[in-house]
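I'd like to ask some things about the structure below.
The values are calculated or read from the model by the stated rules, or taken from the named source; none is laboratory data. Predicted model only: the values in this text are computed from it and were never measured. FYI the Cβ positions are ideal-geometry reconstructions off the backbone, even for glycines, and counts take in every protein chain you see. When the accessible area is computed, the model is the full protein with side chains, heavy atoms only, and any ligands, DNA or RNA have been set aside. Shrake-Rupley method; radii C 1.70, N 1.55, O 1.52, S 1.80 Å.
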Amino acid sequence: MSSRVAKIATGNGHETTPLLQAIVELPSGARASTTGVWFEPGDTPYFYWLIPQSQTHAAVGFIAEDGKTARTKLQRFLARIGLKPVEMQSARIPSYTHFTRPWRRIAGCDVYLVGDAAAQVKVTTVGGLVTGLRGAKAAANAILRQSGYLKELRSLQRELSLHLLIRSALNRFQSADYDRLLDLLNEKMINLLGVHDRDHAARILCRIILAQPRLLSLVPGALWQSSARISGCCSILFL
Ligand SMILES: Cc1cc2nc3c(=O)[nH]c(=O)nc-3n(C[C@H](O)[C@H](O)[C@H](O)COP(=O)(O)OP(=O)(O)OC[C@H]3O[C@@H](n4cnc5c(N)ncnc54)[C@H](O)[C@@H]3O)c2cc1C
């Protein structure tokens, strides 16, 4: 994320978002195989997570957006769910944008950035493990096939741009929208989400919408227009 090569190659590095998490002791009787998610749009447009790390401890955290108020929010949330922090951890996560261009030619050499250094992070969940490895594969293919990084990156960039659009919709969500989203879950959607992972959203988005067309009612009108514009541009580019 703080790569000096990336800073030089991209001009000024990437925008970043703060992440804060606490390591907590799990109360006796807690299920160490169960992950928890809470949607609290008043605190964050993302979500709070609880991920057990062992039989006794879990990580509870969130994407803070505003670093100054992050600690107070997390402590308040932990108090609400009855957990005490034994350790605090913070990090900054790079933010992908439609204009991220993770390559540059410097002194006659091609520089290909991958992973966090290339902001290859899906902004829906701010996860970059799988997408970073896809970026690494694209860079390896660009070298082996001498085909150019841009060409090899197209499918990953389509995926990351789709996550950016989904994030724009989620950023407008209130609690009632999350309730409605969960109410709209039907068996077909659950089956699709059970088989396909979120790192390949582009493969299933149309099928999910066909399985539950009322999902479209959660997407604000302005976003439709911009997504139609972007998908129109993308279709032209990809043709
Ligand atoms: C708390 C937290 C939770 C996360 N949870 C998830 C999750 O659940 N799912 C998900 O998909 N993503 C998650 N992420 C994001 C994910 O960890 C990153 O996107 C991913 O690790 C990026 O991989 P990377 O190889 O690009 O960078 P890094 O993992 O940062 O690896 C870069 C490596 O380079 C090394 N290095 C740096 N400088 C030098 C140097 N000069 N010489 C040699 N080595 C150097 C560093 O020590 C480091 O080991 C999480 C991130 C954080 C902080």
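Restrict the check to the stretch 70-85 and report whether at least one residue is in contact with a helix residue (DSSP H, G or I) (Cβ under 9 Å, 6 or more places away or on another chain) and in a strand (DSSP E or B).
Yes.
For the stretch 6-18, which residues satisfy the criterion of being open to solvent by less than 30 Å² (accessible area, probe 1.4 Å), within 14 Å of the ligand (Cβ to nearest atom) and touching a Lys or Arg at 6+ places or on another chain (Cβ under 8 Å)?
Step one: of the stretch 6-18, the residues open to solvent by less than 30 Å² (accessible area, probe 1.4 Å) are 6, 9, 13, 17-18.
Now restrict to residues that are within 14 Å of the ligand (Cβ to nearest atom): 6, 13, 17-18.
Passing the criteria: Gly13, Thr17, Pro18.
Any residue in the stretch 130-158 that is within 16 Å of the ligand (Cβ to nearest atom) and modelled with pLDDT of 95 or more sitting within a Cβ distance under 6 Å of a residue that is assigned to a helix (DSSP H, G or I) and open to solvent by 30 Å² or more (accessible area, probe 1.4 Å)? List the pairs, counting only those 6 or more apart or interchain.
So the pair list comes out as Ala138/Glu152; Leu156/Arg134.
Scan the stretch 130-147 residue by residue and report those that are surrounded by fewer than 14 Cβ atoms within 10 Å (Cβ to Cβ) and over 16 Å from Ala117 (Cβ atoms).
Ile143, Leu144, Arg145, Gln146, Ser147
Which ones in the stretch 161-195 are open to solvent by 50 Å² or more (accessible area, probe 1.4 Å) and free of Cβ contacts under 8 Å to residues at least 24 places away in the same chain?
Answer for the stretch 161-195, where residues must be open to solvent by 50 Å² or more (accessible area, probe 1.4 Å) and free of Cβ contacts under 8 Å to residues at least 24 places away in the same chain: Ala176, Asp179, Leu182, Asp183, Glu187, Ile190, Asn191, Leu193, Gly194, Val195.
Mind telling me which of the residues Arg105, Arg71 ends up being open to solvent by 30 Å² or more (accessible area, probe 1.4 Å), more than 18 Å from the chain's Cα centre (by Cα) and away from the ligand (no atom under 16 Å from the Cβ)?
None of the other options fit; the residue is Arg105.
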